1. Within segment 110-117, is even one residue touching a helix residue (DSSP H, G or I) at 6+ places or on another chain (Cβ under 8 Å), in contact (Cβ under 8 Å) with a residue 60 or more places away in the chain, within 18 Å of Ala180 (Cα to Cα) and assigned by TED's automatic domain parsing to the domain that holds Asp12?
2. Any residue in segment 195-215 that is closer than 17 Å to Ala62 by Cα sitting within a Cβ distance under 7 Å of a residue that is part of a loop (DSSP other than H, G, I, E, B) and charged (D, E, K, R)? List the pairs, counting only those 6 or more apart or interchain.
3. Inspect all residues belonging to segment 23-38 and state whether any of them is hydrophobic (A, V, I, L, M, F, W, C), in contact with a Ser or Thr (Cβ under 6 Å, 6 or more places away or on another chain) and in a helix (DSSP H, G or I).
4. Look through Ala116, Ala156 and report the one residue that is at pLDDT 95 or above, closer than 20 Å to Leu289 by Cβ and either in a helix (DSSP H, G or I) or small (Gly, Ala, Ser) (or both).
5. What helices (runs of 4 or more DSSP H) lie completely within segment 221-275 and have 3 or more residues being touching a helix residue (DSSP H, G or I) at 6+ places or on another chain (Cβ under 7 Å)?
6. State all residues of segment 265-302 that are more than 20 Å from the chain's Cα centre (by Cα) and surrounded by fewer than 18 Cβ atoms within 10 Å (Cβ to Cβ); if no residue qualifies, say none.
7. Could you check Ala296 against (1) hydrophobic (A, V, I, L, M, F, W, C); (2) under 27 Å from Gln387 (Cα atoms); (3) in a helix (DSSP H, G or I) and say which number it fails?
8. For Ala62, indicate whether it is over 23 Å from Pro293 (Cβ atoms) and either assigned by TED's automatic domain parsing to the domain that holds Ala377 or small (Gly, Ala, Ser) (or both).
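The values are calculated or read from the model by the stated rules, or taken from the named source; none is laboratory data. Here the structure is a predicted model, which is why all the values come from computation and not from measurement. All Cβ positions, even for glycine, are placed from backbone atoms using ideal geometry, and neighbour counts span all protein chains on display.
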Amino acid sequence: MTETPTLVWLRDDLRVGDNPALHAAVERGHPIVVFYLHDDESEGLRAIGGASAWWLHHSLAALADELESRGSTLVLRRGAAEKELPRLVKETGASAVYWNRRYGGASREIDARIKASLRDDEVEAHSFHANLLHEPWTVQTGDGRPFRVFTPFWKASLAKDDPREPYPAPKKIDGGTAPASDSLDDWGLLPTAPDWAGGLRETWTPGEEGAWKQLDAFIDDSLEDYESHRDEPAVDATSRLSPRLRWGELSPFQIWHHVRARATTAAQKKNASAFLREVGWRDFNYNILFHFPDLASKNFRPSFDVFPWEKPKKRELEAWQEGRTGIPLVDAGMRELWHTGVMHNRIRMVTASFLIKNLLIDWRVGEEWFWDCLVDADEANNPANWQWVAGSGADAAPYFRIFNPVLQADKFDKSRRYQSKWIPELGTDDYPEPIVDLKKSRQEALDAYEVVKREGNG
């Protein structure tokens, strides 16, 4: 009698190593159908941006090669999960469906309905903990509420048992008979008219193999000086692993244990703790998203609902988007974003502060632009970090903390290497004058914040 297959449904976990759903399917011992469902139809799910679509295409292609080398096939389908998944179960005669958990509001609701429906049809349905060090409901205050401040959240996380050891990648996967698959090229994830992705191709090699090479290079070349140089955008001191975590090419468990195992000197061990704290910040943001699913559209602190945002002026907004504000550190960051699909974290804060506080443009406008331009656009990190800069988020910087991009450049890019790299015309007549007076606009931002303090009890 032919064994009925197990379906493994991949989402933000495009890897074969430390993939709990895939590991459990292998342990079950039945043939396995690994599939990725590109759901851009279900209500409540946020459509990915252009840079993320580019990354997804190449990461799926790399994953397909990884699976093929182990005897399996990646099946691609597109459509609403609640329609397409039951259809695939019927096609394959699957007796079980496994997946790794998601934490956004709409995705959780979709997964819960699918799980209930499958079980009603006597199909096994199991979800697994895969993509956060600690799931949101496991790290709470003493009275059972979610943390709103990072430091006590991280302290409570560290007080728990060490994150579990990663699962090994299966050497062989019994792929059985694979059902029909969409063609990845037919999904149209890559830009064509025009093809603006040259900088992304130059910068990145998506996929699990590229992720591991990047992690090892960071440990070997940068970890020992991470804390002292991480704020300097011209120095290659950060891990640049954010898109790897966003798409699940590496799990936080793999990063946690690999960094700890490879950090042997006293300096490396000290810096490893500082780096892993940043992985914990990602956990914290997902903790916020889990309890506040409207993070990308609503102020976490309702007092900011009365903030008198300016209506975005087309000229000013486009100057910010295109890196033509006449403020060199801001412009360098926005050009780095367009070319590479990422931006140095210190510069993300500077560019966001400039938009929100010097141009008085609603943080949601900037968050949407980053969502489209970032290869690591993450449903928790992106809005949480924008709200942090705006002062409207959890454990946010106070609104009156306004990053002065000139002083930030003097402190973190003294040699102007970063600014000169991205602005070749800097210092010539071709570079524009500033679109706004930093001192005057700072005061206007503080005056606007008085409305929050007066009417919103900010």
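1. no
2. Between residues of segment 195-215 that are closer than 17 Å to Ala62 by Cα and residues that are part of a loop (DSSP other than H, G, I, E, B) and charged (D, E, K, R), the close pairs are Gly207/Glu249; Glu208/Arg15; Glu208/Glu249; Ala211/Glu249; Gln214/Arg240.
3. Checked against the condition, which is being hydrophobic (A, V, I, L, M, F, W, C), in contact with a Ser or Thr (Cβ under 6 Å, 6 or more places away or on another chain) and in a helix (DSSP H, G or I), segment 23-38 yields at least one hit.
4. Ala156
5. Values: elements: 226-229, 242-246, 252-262.
Those helices (runs of 4 or more DSSP H) span 242-246, 252-262.
6. Once the filter is applied, which keeps residues that are more than 20 Å from the chain's Cα centre (by Cα) and surrounded by fewer than 18 Cβ atoms within 10 Å (Cβ to Cβ), segment 265-302 yields Thr265, Ala266, Ala267, Lys269, Lys270, Ser273, Pro302.
7. Unmet condition: (3).
8. yes
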